[in-house]
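Input: a single structure, listed below in structure tokens.
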Amino acid sequence: MEFKKFKAATVQTSPVFLDVEKTIAKAISFVKEASSNGAQLIAFPEVFVAGYPYWNWIMTPVQGSKWYEQLYKSSVAVTDEALKPLFQAAKECNIHIVIGINERGDSYGEIYNTNLIIDNHGNLIGKHRKLVPTWAEKLTWTSGDGSSLKVYDTEVGPIGTLACGENTNTLARFTLLSQGELIHIANYISLPVAPPDYDMAEAIKIRAAAHSFEGKLFTIVSCSTISQEIKDALRADVPNVEDLLTRKNSAFSGFIGPNGAVIGTPLIDDEGIIYADIDLEKCIQPKQMHDILGHYNRFDIFDLRVNTAPTRKITFIDNHEEFNKK
């Protein structure tokens with residue numbers, strides 16, 4: 001049995017607001033930098049392509065409606081030409097990519113919060129749609145379904161991903177663990193509009209540490225930042241946007257080991273790219289103490305059932321029978 005060792009990278013930065021082409025170009029520049037430094041996996045923030053609906057938090061739903069329309073216009077389908085340069089970069093740089101997008105749905109005007117999993121051959125091997133948009137996000141995204149709760153076998157190891165608040169969902173996390181997840185990508189957005197006593201950076205770290213410690217695996221966290229460009233864009237509708245979208249300890253990006261401890265020095269609020277050496281063999285020994293997928297569970301007592309069927313919006317039934325008349 002081969003135990004993979006590789007270097008991983010995670011990015012903490014902002015997209016080029018509502019500009020798909022420029023955001024993809026920015027992502028590719030990080031991909032090339034990470035590859036040149038020996039990384040075989042790189043993680044990007046939630047809905048990095050191409051922006052987060054901050055207006056939901058600082059405007060009324062009526063005020064934010066025009067911004068929803070702009071977000072939809074800058075959403076992408078996984079088959080769009082705009083994404084192909086990113087797939088090509090993964091292949092050319094021999095690197096795996098996990099990145100968040102605003103995914104255009106089948107229904108006109110429908111958007112999903114989606115994470116893409118791209119392998120080092122440039123293939124889109126999976127996508128995960130956020131199961132439950134958090135709080136004000138319900139004004140923007142449609143809920144995903146259980147069909148995307150999957151773990152993907154790759155050349156660096158089994159990868160799973162959840163977006164932002166759903167990393168709090170114990171059952172969703174266990175569903176990934178039960179499929180052999182050893183590398184978890186948790187991506188987030190900076191949220192300075194959280195309640196005053198809520199330390200977003202600390203909350204992100206706690207969630208990542210909990211998953212790593214419980215599952216004895218590596219968690220890679222990538223969080224976005226709020227650029228001055230984003231604040232300037234929203235200022236016409238919210239004059240005090242600077243005060244509302246500026247707060248320390250709003251973003252955390254880094255690596256958590258199977259013991260629940262932070263690896264190296266994380267990025268808190270600052271933009272940049274950081275690296276960690278991942279050795280999946282380190283996931284073995286901690287299981288001797290607590291293996292919630294094996295000896296440290298009671299599956300004769302607990303029975304988790306997960307509906308992995310894609311949501312069906314409509315079922316057509318035709319009971320009409322035609323008889324041939326002679």
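The values are calculated or read from the model by the stated rules, or taken from the named source; none is laboratory data. The structure presented is a predicted model; accordingly, all values stated were derived computationally and were not measured. Note that each Cβ is placed from the backbone with ideal geometry, even for glycine, and that neighbours are counted across all protein chains shown. Side chains are part of the model used for accessible areas, which takes the heavy atoms of the whole protein and leaves out ligands, DNA and RNA. Shrake-Rupley method; radii C 1.70, N 1.55, O 1.52, S 1.80 Å.
What to note about this one:
- FRET efficiency, 1/(1 + (r/R0)^6) with R0 35 Å, evaluated for residue 36 and residue 303 via beta carbons: 0.15
- Grouping the Cα pair distances of segment 50-117 into 5 Å bins from zero gives a pair-distance distribution of 3, 15, 22, 22, 15, 10, 7, 4, 1, 0 percent in increasing distance order.
- In terms of its C-alpha gyration tensor, the chain comes out rounded, because the ratio a/c of the largest to the smallest axis stays below 1.5.
- Using the Karplus relation 6.51 cos²θ - 1.76 cosθ + 1.60 with θ = phi - 60°, the per-residue 3J(HN,Hα) values for segment 37-53 come to 9, x, 6, 10, 8, 9, 10, 10, x, 4, 5, 4, 9, 10, x, 10, x Hz, with x marking Gly and Pro.
- Dipole of segment 158-283, positive end: most advanced residue of 276, 183, 172 [Cβ charges, Cα centre]: 172
- Descending Cα extents along the principal axes, segment 91-138, whole Å: 37, 23, 13
- Largest-first principal axis extents, alpha carbons of segment 141-197, Å: 41, 24, 19
- Cross-link pairs exceeding 18 Å between alpha carbons, from the set 205/282; 4/127; 7/287; 130/287; 22/73; 205/287: 205/282; 4/127; 7/287; 130/287; 205/287.
- Diffusion coefficient of segment 209-263 by Stokes-Einstein, Kirkwood radius over Cα pairs, 37 °C, 0.692 mPa s: 246 µm²/s.
- Restricted to Cα atoms, segment 256-326 shows a radius of gyration and a Dmax of 26.2, 83 angstrom.
- P(r) of segment 1-155 over all Cα-Cα pairs, binned every 5 Å from zero, in whole percent: 2, 9, 18, 22, 19, 14, 9, 5, 2, 1, 0, 0
- Once the Cβ-Cβ distance of residue 296 and residue 246 is raised to the sixth power relative to R0 = 45 Å, the FRET efficiency obtained is 0.55.
- When the alpha-carbon atoms of segment 107-237 are used, the pair Rg, Dmax equals 15.8, 48 angstrom.
- Accessible area per residue (1.4 Å probe, heavy atoms of protein chains only) ranks 130, 26 as 26, 130, with the largest value leading.
- Length added when fully stretched, residue 261-residue 236, from 0.36 nm per residue minus Cα-Cα: 4.7 nm
- Length-normalised contact order of segment 1-44 in % [C-alpha pairs under 8 Å, at least 6 apart]: 57
- For segment 180-233, the Kirkwood estimate of the hydrodynamic radius, built from every pair of different alpha carbons, is 12.7 Å.
- Probe 1.4 Å - accessible area at residue 223, Å² to nearest ten: 0
- Whole-Å distance, taken between Cα centres, linking segment 36-110 and segment 1-26: 12
- The chain, relative contact order [Cα under 8 Å, separation at least 6], %: 20
- Compactness of segment 172-326 is given as radius of gyration and Dmax, 23.2, 83 Å, from Cα positions.
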